[in-house]
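Written below as structure tokens is the structure these notes are about.
Readers should treat all values here as calculations from the given coordinates under stated rules, not as data from a laboratory. Just so we're clear, the structure is a prediction, and the values are computed from it rather than from any experiment. Note: ideal-geometry Cβ built from the backbone for every residue, glycine included; neighbour counts use all protein chains shown.
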Amino acid sequence: MCVLPDHIIVSLRENGILRIDGYSDASLTPNGYDLRIAELRTADGAQHKEGDARVPAGTFFHVSTIESVGLPSDICAQLWLRTTWIRKGVLGSFGKIDAGFQGTLTLGAFNASDEDIIIPIGERFCQMVFETLHSPAEKTYAERSGNYQGQKGITLSPITTQER
């Protein structure tokens, strides 16, 4: 397993092997790519698609990404909350994006601070760190479960076959 550096990410994207729709050069990092917020929804159902979102103290919230990603069968990705948000009291645990996944990402987080936090829509929220697999997956995400394959926007329950 190997973490991909910036120039390899760019090359794989330019050659159509790795897909990042909505790509921005400003989001490329030395060893990953920062995903930006397209939409934010708080636990009370308040939805924000532009401007600034106010997340009250002690509130769980979801974001979806501007970027839609498509990973080949031999690359997965880790997701890490940007330290900018950690320093403001946001907690999140995101996991991995499986080889073969395609779509936007839905991420859950919690404002653990004692104060409301303002989160601008369009802001970089988490870093996607790409890793190569030792060999291509025998069956990709779409073939194993694919519950969220092709998702767009905040998706809180698995996508059914009819929604695809």
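Which of Gly16, Leu105, Pro30 sits closest to the plus end of the dipole of the chain, meaning its Cα is farthest towards the positive end, when Lys and Arg get +1 and Asp and Glu get -1 on the C-beta? Farthest towards the positive pole: Leu105. For Asp116, the amide hydrogen comes within under 5 Å of the amide hydrogens of Ala57, counting only partners 5 or more places away or on other chains and with H modelled in the peptide plane.
Over segment 2-137, what is the mean sequence separation of C-alpha contacts under 8 Å (at least six apart), divided by residue count, expressed as relative contact order in percent?
34 percent
Here r is the Cβ-Cβ distance between Ile8 and Ile118 and R0 is 35 Å; the resulting FRET efficiency, rounded to 0.05, is 0.50.
Inter-label distance, Phe110 to Thr84: 2.4 nm, where each label sits 7 Å from its Cα along the C-beta direction.
Couplings 3J(HN,Hα) for segment 28-40, derived from phi with the Karplus relation 6.51 cos²θ - 1.76 cosθ + 1.60 (θ = phi - 60°), are 6, 10, x, 9, x, 9, 7, 8, 9, 7, 9, 8, 10 Hz, where x marks Gly and Pro.
Note down the magnitude of the dipole of the chain about its Cα centre, charges +1 on Lys and Arg C-beta and -1 on Asp and Glu C-beta and zero elsewhere, to the nearest 20 debye. Result for the chain is approximately 160 debye, rounded to the nearest 20. When Asp116, Asp25 are sorted by how many other C-beta atoms sit within 10 angstrom of their C-beta, beginning with the fewest, the order is Asp25, Asp116. What is the calculated FRET efficiency for Lys139 to Asp21, with r their C-beta to C-beta distance and R₀ = 30 Å, to the nearest 0.05? The value I calculate is 0.80.
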